[in-house]
1. Return the pair list, or none, for Cβ contacts closer than 7 Å from residues in the range A:12-26 that are farther than 18 Å from A:S36 by Cα to residues that are in a helix (DSSP H, G or I) and of a type in the set (F, W, Y), at least 6 apart or on different chains.
2. Taking the range A:54-80 only, how many residues are within 14 Å of chain B (Cβ to nearest Cβ) and crowded, with 17+ Cβ neighbours inside 10 Å?
3. Quick one: in the range A:26-49, of everything that is under 15 Å from A:A16 (Cα atoms), outside any loop (DSSP other than H, G, I, E, B) and not β-branched (V, I, T), which residue is farthest from the other protein chains (Cβ to nearest Cβ)?
4. Looking at the range B:571-593, which of the residues that are out of contact with any strand residue (DSSP E or B) (no Cβ under 8 Å at 6 or more places or on another chain) and either closer than 20 Å to B:N544 by Cβ or of a type in the set (G, A, S) (or both) is surrounded by the fewest Cβ atoms within 10 Å (Cβ to Cβ)?
5. Can you name every residue in the range B:589-604 that is among the polar types (S, T, N, Q) and at pLDDT below 95?
6. Condition first: over 27 Å from B:T464 (Cα atoms) and of a type outside the set (S, T, Y). Now tell me which residues in the range B:759-795 satisfy that.
7. If a residue has to be among the hydroxyl-bearing types (S, T, Y), touching a helix residue (DSSP H, G or I) at 6+ places or on another chain (Cβ under 7 Å) and not in a helix (DSSP H, G or I) to count, how many in the range B:241-293 make the cut?
8. Six or more apart or on different chains, Cβ atoms under 7 Å: show the pairs whose first residue is in the range B:179-196 and more than 14 Å from chain A (Cβ to nearest Cβ) and whose second is in a loop (DSSP other than H, G, I, E, B).
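The values are calculated or read from the model by the stated rules, or taken from the named source; none is laboratory data. If you're wondering where the values come from, they're calculated on a predicted model, not measured in any experiment. All Cβ positions, glycine included, derive from the backbone under ideal geometry; neighbour counts span all protein chains shown.
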Amino acid sequence: MIAVWLKVDEERIVQALHEAEEKLDSVEGEVALDVSSVRRIDPGALRAIEEFADIADDKGVKVVLRGVDVGVYKVLKLVKLASRFSFVS
Amino acid sequence: MATHEVQERVHFPIVTESLSAERIADLEKLVSQARAAAAVFTQFTQEDVDRIVKPMVLAGLDHAQHLARLAVEETRLGVMEDKVIKNMVATEFVYNYIKDKPTVGIIREFPERNLVEVAEPIGVIFSITPITNPTSTVLFKCIMAIKTRNAVIFSPHPNAWRCCSEAVRIMYEAALKHGAPEGVFACLEAHTLQDNAYLMRHKDVGLIDATGGPGAVKAAYSSGKPALGVGPGNTPVYLEKTADLNTAVTDIILSKTFDNGTICASEQTAVIDDEIYDVVLKKFAELGAHICNERERELLTRTVIDPTTGLMQPTAVGQKATDIARFAGLSVRPDTKLLIAPIQGVGREHPLSAEKLFPVLAVYRAKSVDEALKVCVDVNHAGGLGHTAAIFSRNEEVIRKFGEAINAGRILVNSPGSVGAVGGVYNDLPPTFSFGCGTGGGNSTTDNVNIYHYLNIKRVARRTQAHMWFRVPNQIYFNMNAVENVRQFPSRSTIIMTNPALEKFGHVDIVRRYIPEGTHVHVSVIPDAEPEVKVVMQGVEALNFYKADQIIALGGGSVIDAAKIMKLKYESPGADLEELAAPFLDLRKRVIQYPTEKLNWARLIAISTTSGTGSEVTPFAVLTDKERGRKVTLADYSLSPDVAIVDPQFVMSMPQGLTADTGIDCLTHALEAGVSSYASAYTDSNAMQAIRMVFKYLPIAYEHPRDEEARSMMHNAACIAAMAFANASVGVNHALAHAFGARFGVAHGRANALMLPHVIAYNASVPTKFLPSPYQKGYIAHKKYATIADLLGLGGHTIDEKVKNLVAATEQLLDQLRFPRSIADLGISKEEFERAMPELTKLAFDDPSWRSNPRMPLMSELVDLFWKAYQGRGTTKAVNVPRQQTA
């Protein structure tokens, strides 16, 4: 299993996810995104997260989110995206 | 309500046809955007939200005239200048109402109730807006939505789409510019009823806010979604003869002509007292109203009311009075503001009594207040239930009657209907453009819809520290010759209640010795048995006859109980003993209250002559109603004696059997109070002390009846245990003993003894069912038994061992006292006991004693306990204390 670990900053969530997308081809198994510094997401970031989840699904890669703030977690639950990720503290 | 809403009243089909896939995709996209915006919005703080709201309000104010003009041009309803005012109210007044109100996080705190209210947004709101107040309603709803962190999809009335979508655009741009999430507002374009139906049922729409006609509201409520809807109006206004007529007439004209009467709260029928009727009409005429004669009324009726439906003609809605007059063929002055048509009744035969959203007002001449109120009720019921009503009066009584008679969410006093109902202008109602009409109007609320209807309000309820109590007589005298203290209580007339044996033994003479000189003393001897109603009433007669101001109850529990009830009936003759015995779960929340007003007053001094019941300090009394064949237990702290005297000289001659029975009754009181769910540190100290005294002194008092110290200590123990159970109550042991004792005629103490070891083991085990108890933190009965075992020095390392040792010690004590150790030992056959079991369990379960037991007894467990008591020994093996318990 080749796992990828990436840190995602609040200011550049969309760019970070695009960068992560590019690495998905070389990933087997899972990709871990550290979002512990993200305290809030906007609709643009939300779209990017959903797209990322779609692409990861297509490639059979499991996405693990690390350090998700509870407010952000609630947003993912409200838009029914939470079930598409694994979460670790 | 206006043109199309009026039509919807008859036709607003619930559309079930399927939409095209393309259209569904469009609608899904809208919802998806709104859902994402609402989700993102949940992260916003109060400051974030308030930072967005203010510029939105300013944008609305900036565009008030622009939007008003658009609305009038598009809908051809109402008055542009008035619509400007509406837009300004929808922004400025609403802002003024909401600006300082928290809507994020904690919104209200009630520290005294340990309650906190926390706001949770709804999410996506689907909002239907009307043709009559199109832009103002949109502005209002946008501001409310942002303030409460919700996203809204608007569905404007088709004939007001352009002005509404412009209002949405202005609000959205202002919101977005100041940080609102993208997609927070959307407005349906060229939509159909199918679109509405689809969105109303969409799983991601959290709430439907339908401000429109009854059809739209009904569709909203029928969708299965939570909905806010407004109902139709038909506002009656009563001009009572004490009214300030200048104010009344001006206000009604102002209201009825505002935006050409399109606000559904505007006055529809004015009911005017006969005495002022002519003056009022004259004033209306002076201020620009045209009073129709009979012929004009008929012409007007034909023009503005649809004869088929009895409802207003859509073409008249929001039109000027002069235009309506012209359509009807009436000749009126060009400056006419309002057309007034006298009517003689309400209903289909009087078409103008219906709702008229245009400047036509029906007037009715009432001969009396009573008639006026009835006509107003008729108007209210003719299509306006739950909406709005108004009254002009200075007579508070009439205003009160009007408020009670009329079913309206808004009852406005001395103010105009339309502008008054909107709120914030003439009164302190929340400013709104959505009038809830309650169930009368088919709505879920009677409120002026406001920000709180756009929130899920969560209540964080912290566990409260339940108030507890420790109430006992404020004077307790104890030890040998304590009876001497009787002398310190002055009295004109004292009655000594006692039983025949005590009188015979000379105990009454001892008491008499200490009653101050000059006191008239009467001795009333009552049977030595649980008091009967008849005996009590005879005692009350004696108290009345001698005008007693003091009762000395000298005896065991029966005599003292009788005296408590006599005092109650003497002081409060109206007290209904049957009613006062009503069952209750919590003494402080009981339905029945004991009387506090007293016709007479008498001090009750209780001198106990047994060492068990502790009735001298308890708030309980048992009464036997022989006629009905039942016992009645009274419980109230007002029954507690004023003075208790615990003098062992009166128990020195107690027989051995009675010593054992009453002693075990005392021990049961203490043990049950000790583990009661009502137990407190106050009751524990008494319970524990009493237990220690019983284990030490009861065997001595039993074997050596003349041992003064043992007798004294047991007498005190009974009183101390009673102070514990008077405040912590007892438990399932008493429930079992009451049932068994009553069914088989076994003395109370003896019946308690048969159950006691089994109940300790039962209560110390893991409960099958916990009993709710705000007084206790967790299940602790087993630990308390262990503490008792420690106190008695019984040994053991674990809680389990200690509980077993306590059970063994209890059994040993019962053996010492030569109690029968099983029900079988009493000579009751197994078959007889089995036959009695259904009745026993029913009686035990109905007994209030177990309500404070640490675990809730199931019926099957009561059966099990009865059988254990039947079989006797061997119960310590049944102890099953919670795991991992070490002392």
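1. What qualifies is A:E21/A:F52.
2. The qualifying residues number 7.
3. Across the range A:26-49, the extreme among qualifying residues is A:A32.
4. The qualifying residue surrounded by the fewest Cβ atoms within 10 Å (Cβ to Cβ) is B:G574.
5. Our first condition is that a residue be among the polar types (S, T, N, Q); within the range B:589-604, this holds for B:593, B:596, B:600.
Result: B:Q593, B:T596.
6. B:V759, B:I760, B:A761, B:A786, B:I788, B:A789, B:D790, B:L791, B:L792, B:G793, B:L794, B:G795
7. Count: 2.
8. From residues that are more than 14 Å from chain A (Cβ to nearest Cβ), the pairs are B:L193/B:P13; B:L193/B:V15; B:Q194/B:V15; B:Q194/B:E17; B:Q194/B:L19; B:D195/B:L188.
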